[in-house]
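Report on one structure; see the data block that follows.
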Amino acid sequence: MIVATHSVHNDEPHIHPRARGLGPSKWLIRVYATDGKEKWQQDIRHNHRCHLYDLLPIAAQTANDTLAELDWVVTDAGFQVIRLR
């Protein structure tokens with residue numbers, strides 16, 4: 001289940017309404033970037049149980065670090081946080 005998404009076009013991450021009350025879980029962070037022609041994607045599995053609000057700053061920092069590493073003119077970039085079972 002995708003519980004949160006963020007794009008460089010938005011100020012704050014969008015959190016799914018049902019995800020606000022979730023307890024500690026394992027998560028997958030999917031970071032992406034595109035320049036309109038090429039797409040880059042990386043999946044980061046977070047195996048330690050934690051709350052979503054603890055993970056969002058890590059996901060945002062990972063996305064920012066990725067943008068700094070890519071030498072592209074990025075048209076869209078961001079991340080998705082997926083709850084694992």
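Values in this text are rule-based calculations from the coordinates and carry no lab data. This is a predicted model, so every value here is computed, not measured. All Cβ positions, glycine included, derive from the backbone under ideal geometry; neighbour counts span all protein chains shown.
Report the paramagnetic label zone for Met1: residues of the stretch 35-58 whose backbone N is under 13 Å from a point 7 Å from Cα along the Cα-to-Cβ axis.
Answer for this model: 52.
In whole Å, what are the extents of the chain along the principal axes defined by its C-alpha atoms, from largest to smallest?
38, 23, 18
For every helix of n ≥ 4 consecutive DSSP H residues, a contribution of -39,500 (n - 2.57) applies; sum these over the chain, divide by its total residues, and give [θ] at 222 nm rounded to the nearest 500 deg cm²/dmol. Mind showing how you got there, number by number?
Values: 1 runs with 18 residues, N = 85.
One gets -7000 deg cm²/dmol as the mean residue ellipticity at 222 nm.
Can you give me the long-range amide H partners of Asp35? Hydrogens built in the peptide plane at 1.01 Å from N, cutoff under 5 Å, separation of 5 or more residues or another chain.
Under 5 Å from the amide H of Asp35 lie the amide H atoms of Thr75, each far enough along the sequence or on another chain.
Grab the Cα-Cα distance for Thr62 and Leu28, subtract it from 0.36 nm times how many residues apart they are, and report the gain in nm with one decimal.
Working: separation 34, 0.36 × 34 = 12.24 nm, distance 1.24 nm.
Going from the current span to full extension adds 11.0 nm.
Over the chain, what is the relative contact order in whole percent, taking alpha-carbon pairs under 8 Å and six or more residues apart? Before the final figure, lay out each step's value.
Numbers: 151 pairs, mean separation 37.9, N = 85.
The value is 45 percent.
For the stretch 32-65, run through the trypsin sites (Lys or Arg not before Pro) and keep only the ones in DSSP coil with at most 14 other Cβ atoms within 10 Å of their Cβ. Could the numbers behind the result be given before it?
Numbers: sites: Lys37, Lys39, Arg45, Arg49; in loops: Lys37.
Passing both the DSSP loop test and the Cβ count: Lys37.
What is the angle, in °, between the Cα long axis of helix 52-69 and the longest principal axis of the Cα atoms in the chain? Nearest 10 is fine, range 0 to 90.
Approximately 10 degrees, to the nearest ten.
With a sphere of radius 15 Å drawn around the Cβ of His48, what net charge do the other residues whose Cβ falls strictly inside it have (Lys, Arg +1; Asp, Glu -1)? It would help to have the intermediate numbers written out before the result.
Details: positive: Lys26, Arg45, Arg49, Arg83; negative: Asp54.
Net local charge, His48 excluded: +3.
What does the charge count around Val73 come to, taking other residues whose C-beta lies under 12 Å from its C-beta (Lys +1, Arg +1, Asp -1, Glu -1)? Numbers along the way, then the final one.
On the way: positive: Lys37; negative: Asp35, Glu38, Asp71, Asp76.
That sum, taken over residues with Cβ under 12 Å, equals -3.
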